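One structure is given below, encoded as structure tokens.
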Amino acid sequence: MNLDQQLLGLGDQLRAEGVAIGTSELLDAFAALGEVDWRERASFQQALAATLAKSPEDRRVFDLVFERFFFRASEAAAIEAGIREGGEGAGPGERAGAQADAAAGRIDLEELRGQIARALAAGDEARLRDLARLALAAIGRASDGSNVVGIDVQRIRRVLGLRSDPQPEYPDGDPRREGLPREALRRFEAMLRRELERAQIERTRELPPSRPLGDLDRALPSGPAADLAAVHRVVAQLRRRLASTGMERRGSDRHDHVDIRATMRASLQTGGVPVVVKYRPRRPRRPEIYVLCDVSTSVTSASVFFLSVLHALHDSFRRMRSFVFIERISEVTDTFARQRSFKAISDAISTDAGVADVSGYTDYGRVWSEFRALVEDELHPRATVIVLGDARTNGRDPRADIFATIAARAGRTFWLNPEPRLYWNYGDSVIDAYAQWCTVFECWTTRQLEDFVRALSGSAPR
Amino acid sequence: MDSLPESVDALAAGLRAAGYLPGGSTALVAYLATRLDKPVLVEGPAGVGKTELAKALASYLGRDLVRLQCYEGLDEAKALYEWNYRKQLLRIQAEADGAGWAEVQDDIFGEEFLLARPLLAAISAKTPVVLLIDEIDKTDQEFEAMLLELLSDFQITIPELGAVAASSQPVVVLTSNNSRELTEALKRRCLYLWLDYPSIEHELAIVRLHAPALPETVARKLVEMVAMVRELDLKKPPSIAESIDWARALLLLGRSDIDAATFNETMSVIVKHRTDIELVAERVGLALQ
């Protein structure tokens, strides 16, 4: 295959991943390649990125797809040409691999752990690549691999004892004492994955079927404080959208509706001739929103995300009451009204919301009955109830009947579940018990959040 | 210098000479922009040198910089062109009798009565310029749509005159703080460059370039602290410009080390919200003691 076809193939894959690429972008990409030294990998990738990926999210997807595409392309070429590692055509990196295989029997595991930890702390990319092969040689092939790359990566990582949290049992000066940098660990895992895939391809002598990027690959970074800024940037955009959507009117909505009764009444003044046409008054839509947010430990990673969503919603909607719950429910509307800083809010909620009782496990049944008692009189058909939670009851009674009465009184009820759809109704998740009373959205990426926002501001009742 | 850069490295060196240290793909994308005559859309948080890039490009290429600062409500009369009504009126009055309607009408919609605003000025300049359209995300979508003709064909259509084609090819840089999603149509016409906060080494080099008198150890400590401050969840994280300001402030005050006292005194150079100051004082101040 020549370069043109390869590039078009890359464009196709990017499109399949949802990056909007038109013919004009591809033309630009070719023009750009004409200007740079594209035999160099970095400038090749950057020239393509500048012309094909036009937002930070697209750029992330682009880097992933680029990596995957050309890895597959080169492996396919290698199979075609019949090149095997350790054979004639091996480059310097390949030779290191061959040595690694030979040395596998003699590798001291403890020494290897130390070396990898040091390389991780130093961020030495090339050395890590070699060490990944070494680790694979030492561990991957000794025991029987599961043939599922993801599982093997985690297994190797466990054997190597690579963790991002501090491990005080190590002596001073050892990078593991402070915990390894998360970013470097992630990169090392990617390298392991690459190597495992390479080994697999070599064993089977064919390319595995290509799979689309999992949502996990491009999900929101869900680590604690460090990624908060990233979530916030996204929510800031969302806030703007929330503030502006729902205000403009589209299609037939743009026209005023004639109020026949009023027109007739006015026509009496002019002898029954409708000179003055009366229109129905436009009633601005003012959603009343009730948000319930699960803050228990099972949704820890999502709750920062959810709290920032709550934060953004509060900025955009005046008439909104928010609650957090674990075992019982607590209203936090005032906290949000008083505090502007997100940090202060999440602190306040975690310290004195008083939602955890004894066990710290979510009790949906109790939450529903308390919520109903709190707002029963206020719920009416123009109100919207949004629940942010994973519907994991920890074996307790879901009390879907109470939830049904709440949903029946409110105009619309939404459920945002931070778990991938795959895990729904698995274990103690009872989302289906509630799903019949409300609209459930899978929501753990910003894109999914946007889908939800569209639903929220699009089809509102008046 | 009037010709276009020969290679990416030449352009990177040129930018460096102009006092701008390009990082990562910046030089490459800028190079592509000059070679392909495509506008560049530069996005990134505030204060990472998006505007500076345009200025440095202008000074390296030896071109004038035409700048259009965008804001909400910016319209074509302020961005593209406007008819000089007063002059038109004078012209009509001066010829009140004698001249026929057709002549006067032809006359008063001529280039003589046109007030060129930044965009028209940029494409009708005798020598090529660098056009900076700053903070495009501040305008509304209608304005973006208006730019499309300019960005793809480098021409502006004036109803009374027809299309005015560019007499020289400007290098166009658009910046955005990503406060709003720009339209696909605009992005399609541009090269895309995402600028983020620089790595510690890169920022150190920038600070050293702009405050050469500051000892390296102090500069390093300063940059590391700024990176630490950026990690916190602030309303406005400090920008590169503020790192430089802080370095200069330290120089002026004659401090040779950043200790807790110095930090508390000069913190307001990099942090500019009351709540932020409290947070930073609490977190970073503690780390210093």
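Tabulated data for the structure shown
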quantity: Top-ranked residue of segment B:89-103 - restricted to ones that are surrounded by 13 or more Cβ atoms within 10 Å (Cβ to Cβ) and assigned to a loop (DSSP other than H, G, I, E, B), ranked as modelled with the lowest pLDDT; calculated: B:A99
quantity: Residue check, A:P168 at pLDDT 65 or above and part of a loop (DSSP other than H, G, I, E, B); calculated: yes
quantity: Looking only at segment B:161-202, and only at residues there that are in contact (Cβ under 8 Å) with a residue 12 or more places away in the chain and charged (D, E, K, R), the one that is surrounded by the fewest Cβ atoms within 10 Å (Cβ to Cβ); calculated: B:D196
quantity: Odd one out for B:L222, checked against (1) farther than 18 Å from B:V48 by Cβ; (2) over 25 Å from the mean Cα position of the chain (by Cα); calculated: (1)
quantity: Every residue from segment B:32-74 that is more than 19 Å from B:A18 (Cα to Cα) and of a type in the set (D, E); calculated: B:D37, B:E43, B:E72
quantity: Single residue of segment B:236-254 satisfying the filter (of a type in the set (D, E, K, R) and part of a helix (DSSP H, G or I)) that is farthest from B:A211 (Cα to Cα); calculated: B:E242
quantity: Single residue of B:V226, B:V280 found to be within 14 Å of another protein chain (Cβ to nearest Cβ) and crowded, with 17+ Cβ neighbours inside 10 Å; calculated: B:V280
quantity: Residues of segment A:39-53 satisfying the condition of being within 11 Å of chain B (Cβ to nearest Cβ) and without any contact (Cβ under 8 Å) to a residue 24 or more places away in the chain; calculated: A:E40, A:A42, A:S43, A:F44, A:Q45, A:Q46, A:A47, A:A49, A:A50
quantity: Answer from B:L131, B:L151 - the residue that is within 19 Å of the chain's Cα centre (by Cα) and at pLDDT below 90; calculated: B:L151
quantity: Of all residues making up segment A:1-38, the number that are of a type in the set (D, E) and at the interface with chain B (Cβ under 8 Å from one of its Cβ atoms); calculated: 4
quantity: Matching residues, segment B:185-218, being outside any helix (DSSP H, G or I) and either facing chain A (nearest Cβ under 10 Å) or in contact with a strand residue (DSSP E or B) (Cβ under 7 Å, 6 or more places away or on another chain) (or both); calculated: B:R189, B:C190, B:L191, B:Y192, B:L193, B:W194, B:L195, B:D196
quantity: Odd one out for B:Q105 among (1) more than 30 Å from B:M225 (Cα to Cα); (2) touching a residue at least 40 places away in the same chain (Cβ under 8 Å); (3) not aromatic (F, W, Y); calculated: (2)
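Yes/no per residue for (1) more than 14 Å from every other protein chain (Cβ to nearest Cβ); (2) over 20 Å from B:Q169 (Cβ atoms); (3) touching a residue at least 40 places away in the same chain (Cβ under 8 Å):
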{"residue": "B:D9", "(1), (2), (3)": "no, yes, no"}
{"residue": "B:R16", "(1), (2), (3)": "yes, yes, no"}
{"residue": "B:L21", "(1), (2), (3)": "yes, yes, yes"}
{"residue": "B:V40", "(1), (2), (3)": "no, no, yes"}
{"residue": "B:A46", "(1), (2), (3)": "no, yes, yes"}
{"residue": "B:G49", "(1), (2), (3)": "yes, yes, yes"}
{"residue": "B:L53", "(1), (2), (3)": "no, no, yes"}
{"residue": "B:R63", "(1), (2), (3)": "yes, no, yes"}
{"residue": "B:I92", "(1), (2), (3)": "yes, yes, no"}
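The values are calculated or read from the model by the stated rules, or taken from the named source; none is laboratory data. No experiment lies behind these values; they were computed from the predicted model shown. Glycine gets a Cβ as well: all are built from the backbone with ideal geometry, and neighbour counts include every protein chain shown.
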